[in-house]
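Some notes on the structure that comes next.
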Amino acid sequence: MAPKEDQIAVDPDFYTLADDYQPDDFQSETTSLTSSIAKGRLENGRRYQAMKDNYWGPSDEQQFEAFEIGHLVFLVLDHNEPNPLFHSPIKEKPKHILDIGTGKGSWAVDVADLYPDATVRGVDIFPPPVTWMPRNCVFEVDDVLREWTWRDPFDFIHLRVMCGAFTDEGWDQVYRRAYDALEPGGWIEHMELDVRAFSDDGTLTEDKNLYSWGDIFIGCAKRAGQSLLTQETMRGAIEKAGFVDDRILKEAGQLQNAHWNTALEGWAMWLLTHHGAPKPWTREEVQVYLAKIREELRDPHIHAYELARRVWARKPTLEEQKAKEAKVKTEPAP
Ligand SMILES: C[S@@+](CC[C@H](N)C(=O)[O-])C[C@H]1O[C@@H](n2cnc3c(N)ncnc32)[C@H](O)[C@@H]1O
């Protein structure tokens, strides 16, 4: 596809790496990603990132396609909103925006187009497969659990579908870092999916594979030491980090066939082959199971839906922070 006038070409072998990230096969801090990080690792016919060994999601063409479909689904879900990309009332002219776990980078690219004067950074443990992007968009390969080295404070930090990426302590750390890295008054916004499918009219009955689908993965992730119930815990964790004015929006959407069909194997393969119960499943067992799920997804008699939740919250202004500190000092010790 031809680039737009204000887009620049990206050499997919050349990304910015975090300052101090220098595994053995890297020559410098900003370096060619022809090494193991760009190649990832192959498992059960899928490509996974090679930076961490316990993240469930593949980073390959099929999953990037699923991210793109997901991005479109989220835009459609919010098509009545003044800004379907996010709900936070950020300032009119933001300078620095961060997208954590940017995936294919579609959100970061759209937001960079929306705010041509801002720098929009997308960070991920695998390089997004982009060839053209706006000049003001920067992709970086890094693990956000490592020390953050961005110098300019952000006006807005965004996360979407990061469930199962961190332990509860990891989440606390990420939100705390986001708090520290934001300007006073800056915003955080996190959107998550519930991995379970529901139906209100009883058409998703207990005998269906889709009925227990979500709980199977919640169990696998638990055995892997991560939680897939992020959408239930994120509001409390965001508040705990010190954010205020938090708002939550729960949305229910019909199971979207294209998104599920493309994403399905990627969601399932690593968790089931590593942490399936009563023992890890084989690749073939996973494929047989997915064939049954696909059949149920095609069944027009099952009216299943899934939940999405969005939390957005503000870092207090300097005055609010001072007022809070003063209150803590003047309160008598218990
Ligand atoms: C399910 S994808 C969602 C991608 C994107 N946010 C979207 O909504 O399309 C989650 C992304 O988080 C990335 N990720 C997982 N753990 C991470 C970490 N520790 N640091 C940075 N990115 C991470 C994964 O590589 C993956 O691309």
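Can you work out the Karplus-derived ³J(HN,Hα) for every residue in the range 254-268? Use 6.51 cos²θ - 1.76 cosθ + 1.60 with θ = phi - 60°, whole Hz, and x for glycine or proline.
Coupling constants for the range 254-268: 4, 4, 9, 4, 4, 5, 4, 4, 6, 8, 2, 5, x, 5, 8 Hz.
Report the residues of the range 190-232 in range of a label on residue 277: point 7 Å along Cα→C-beta, backbone N strictly under 15 Å from it.
212-229
How about residue 39: which lysines have a C-alpha closer than 22 Å to its C-alpha, ignoring those fewer than 8 places off in the same chain?
Partners found: 52, 104.
With contacts defined as alpha carbon pairs under 8 Å and 6 or more residues apart, what's the relative contact order of the chain in percent?
Numbers: 584 pairs, mean separation 60.9, N = 334.
Averaging sequence separation for qualifying contacts and normalising by length gives 18 percent for the chain.
Where the convex hull is taken over the Cα atoms of the range 121-264, what is its projected area averaged over directions, in nm²?
Details: hull surface 43.7 nm².
Here the figure is 10.9 nm², rounded to one decimal.
Average projected area of the Cα convex hull of the range 203-334, in nm²?
In nm², the orientation-averaged hull projection of the range 203-334 is 12.1.
Can you work out the Karplus-derived ³J(HN,Hα) for every residue in the range 96-108? Use 6.51 cos²θ - 1.76 cosθ + 1.60 with θ = phi - 60°, whole Hz, and x for glycine or proline.
Listing the rounded values in order: 9, 10, 10, 10, 8, x, 5, x, 7, x, 5, 5, 4 Hz.
Can you list residues from other chains, or at least 5 along the same chain, whose modelled amide H is less than 5 Å from the amide H of residue 125?
142
Per DSSP H run of n ≥ 4, the term is -39500 (n - 2.57); total these for the chain, divide by its residue number, and report the mean residue ellipticity at 222 nm rounded to 500 deg cm²/dmol.
-11000 deg cm²/dmol
What ³J(HN,Hα) values, in whole Hz, does the Karplus curve 6.51 cos²θ - 1.76 cosθ + 1.60 give for the range 161-176 when θ = phi - 60°, with x put for Gly and Pro?
6, 10, 4, x, 8, 9, 6, 4, 5, x, 4, 4, 5, 5, 5, 5
Hull surface divided by four, with the convex hull built on the Cα atoms of the chain: how many nm²?
Its average projected convex-hull area is 20.4 nm².
Can you give me the C-alpha center-to-center distance between the range 120-199 and the range 267-334, rounded to a whole angstrom?
15
What FRET efficiency would be calculated for the residue pair residue 288, residue 325, taking the C-beta separation as r and a Förster radius of 51 Å, to the nearest 0.05?
The calculated FRET efficiency here is 0.30.
All of the numbers you see were taken from the coordinates with simple rules; none came from a lab. All values derive from a computational prediction rather than experimental measurement. With ideal geometry, Cβ positions are generated from the backbone for all residues, glycine too; neighbour counts draw on all protein chains shown.
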